[in-house]
Amino acid sequence: MSDWRLHGQERFLMDLELYWRKYTRYSDSWDHDHCEFCGETFSLYGGDLTEGYSTKDSYYWICKQCHDDFCNLFNWKHPISD
């Protein structure tokens, strides 16, 4: 698949469990994150994405559009709750 958003994420995002949730910071020293594919900003500030898919530890964030586009390619799983 040729897509400008793909640049080696399979090294750390393949076969993971992802959770739909409100944005939370991974660390108190962080005030935002970016979608691992398109770069959209996640934060608690107006105008940024405030919900999306993340890994259980909230380290990696993926916007809904990129999730929907790459879910099958990356073989993501979606537990009922975390």
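The values are calculated or read from the model by the stated rules, or taken from the named source; none is laboratory data. Quick caveat: nothing in here was measured; it's all calculated off a predicted structure. Neighbour counts are summed over all protein chains in view; Cβ atoms, including those assigned to glycine, are modelled from backbone coordinates with ideal geometry. For the accessible areas, the whole protein counts, side chains as well, though only heavy atoms, and no ligand, DNA or RNA atoms are used. Shrake-Rupley method; radii C 1.70, N 1.55, O 1.52, S 1.80 Å.
A few points about this structure:
- Rounded to the nearest 20 debye, dipole of segment 1-55 from Cβ charges on Lys, Arg, Asp, Glu: 40
- Taking Phe42, Phe70, Phe12 in turn, the Gaussian network model of the chain (Cα-Cα springs below 10 Å) assigns the largest fluctuation to Phe12.
- This structure gives mean projected area of the Cα convex hull in nm², computed directly, and of (1) 5.5; (2) 8.2; (3) 7.2 that value is listed as (1).
- Surface share of carbon and sulfur [accessible, 1.4 angstrom probe, percent] for the chain: 49
- Here's the picture: charge each Lys and Arg Cβ at +1 and each Asp and Glu Cβ at -1 in the chain, and of Tyr60, Trp76, Gly46 the one pushed furthest to the positive end of that dipole is Trp76.
- Springs between Cα atoms under 10 Å define the GNM used for the chain, and in it the highest mean-square fluctuation of Trp20, Trp61, Trp30 occurs at Trp30.
- Against the main long axis of the alpha-carbon atoms of the chain, helix 64-74 sits at an angle near 40°.
- Protein-only accessible surface at a 1.4 angstrom probe places the residues Tyr23, Tyr59, Tyr45, Tyr53 in the order Tyr45, Tyr59, Tyr53, Tyr23, largest first.
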